[in-house]
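Here is the structure we will look at.
The values are calculated or read from the model by the stated rules, or taken from the named source; none is laboratory data. Every value quoted in this text rests on a predicted model; they were computed, and no experiment measured them. Quick reminder, even Gly has a Cβ in these numbers, built from the backbone with ideal geometry, and neighbours come from all protein chains shown. Note: areas computed on protein heavy atoms with side chains; ligands, DNA, RNA excluded. Shrake-Rupley method; radii C 1.70, N 1.55, O 1.52, S 1.80 Å.
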Amino acid sequence: GRTDTGKLIFKNISILTVPKGVEVSGRVTSYGSDSDDVTVTLTKQGETGTAFTDTLTGVPGTAPYSQNYSFATVPAGDYTLKVEKKGHAPFTKKITVGDSNVTENVTMYLIGDVNGDGVINGQDLQRLYEHIKGENPLSVEALPLGDVNGDGAVNGQDLQRLYEHIKGENLIT
């Protein structure tokens, strides 16, 4: 005779769980035009393609402009956060997402605004001149702001280009 107890016994069962993820968010402060979009991208390191993108459209008011970005349900891992706006040096930072929300506030500066006061003027020209002469080197963060012509170096050509912009002859775009 056969004995059937009516019990089902499961062995070695794996259930896949989808990671819930956390929120990555923050505030972007920028200058320039109030109608230029700010693009925020969050890309998982080691993967191609963009994991998350947020386009912040123009805002009313006067500079500095402040806009919020937010990505919900970001799975754990290492990411590159990149923030871009026309006329500004792009902001890039590596961030690690774990099991709690991440807040990353970003301030972007106009290319040529080497002293970071929100305007491009003679003070920036003087500051760039001091850097080139070796008297007062720019910080690593300010170097992209001093590369006015975008050739990867900060030198006399950038000083000339900044001078032309301030005179209104050849505006930095």
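Rounded to the nearest 10 degrees, the inclination of helix 122-133 to the longest alpha-carbon principal axis of the chain is 80 degrees. Near residue 156: Cβ cut-off under 14 Å, other residues only, Lys/Arg at +1 and Asp/Glu at -1. The net charge is -3. Annotation: extensible slack from residue 123 through residue 101 equals 4.0 nm (criterion: 0.36 nm per residue apart, minus Cα-Cα distance).
Between residue 149 and residue 9, the C-beta separation translates, for a Förster distance of 45 Å, into a calculated FRET efficiency of about 0.05.
For mean projected area of the Cα convex hull in nm², the value calculated from this model appears in (1) 12.1; (2) 15.6; (3) 7.7 under label (2).
The range 123-165 to the range 35-64: how many Å between their Cα centroids? Centre-to-centre distance over Cα atoms comes out at 27 Å. Over all distinct alpha-carbon pairs, what is the Kirkwood Rh of the range 77-145 in angstrom? Final number for the Kirkwood radius of the range 77-145 is 13.7 Å. Accessible surface for residue 54 stands near 40 Å², nearest 10, in the context of the full protein assembly shown (1.4 Å probe).
For the range 19-99, the relative contact order comes to 38 percent (Cα pairs under 8 Å, sequence separation of at least 6).
Measuring r between the beta carbons of residue 167 and residue 37 and using R0 = 35 Å, the FRET efficiency lands at 0.75. In the chain, the calculated helix contribution to ellipticity at 222 nm averages -4500 deg cm²/dmol per residue, counting -39,500 (n - 2.57) for every DSSP H run with n ≥ 4. Taking a ≥ b ≥ c as the square roots of the Cα gyration tensor eigenvalues, with a/c under 1.5 meaning rounded and otherwise prolate when a/b beats b/c, else oblate, which class fits the range 37-113? In terms of gyration-tensor shape, prolate. A straight Cα-to-Cα reach below 29 Å connects residue 20 with the lysines 11, 44, 82, 93, 94, residues fewer than 8 places away in its own chain not being considered.
Once Lys and Arg get +1 and Asp and Glu get -1 on their Cβ, which of 70, 58, 125 lies farthest toward the positive end of the dipole of the range 4-131? The residue sitting farthest along the positive end of the dipole is 70. Carbon-plus-sulfur accessible fraction, the range 37-105 (probe radius 1.4 Å, protein heavy atoms only): 47%.
Normalising the average separation of contacting C-alpha pairs (under 8 angstrom, six or more residues apart) by the number of residues puts the relative contact order of the chain at 20 percent. With both labels modelled 7 Å from their Cα along Cα-to-Cβ, the residue 47 to residue 136 distance reads 4.5 nm.
Near residue 172, once Lys and Arg are set to +1 and Asp and Glu to -1 for all other residues with Cβ below 14 Å from its Cβ, the sum equals -4.
Whose amide H sits under 5 Å from the amide H of residue 106, counting only residues 5 or more places off or on another chain, with H placed in the peptide plane? Placed amide hydrogens put 27, 28, 29 under 5 Å from residue 106. Electrostatic tally near residue 40: other residues with Cβ closer than 9 Å to its Cβ, Lys and Arg +1, Asp and Glu -1, net -1.
Quick check: the angle from helix 156-167's long axis to the longest principal axis of the chain, C-alpha only, nearest 10 degrees? Once rounded, the angle reads 80 degrees.
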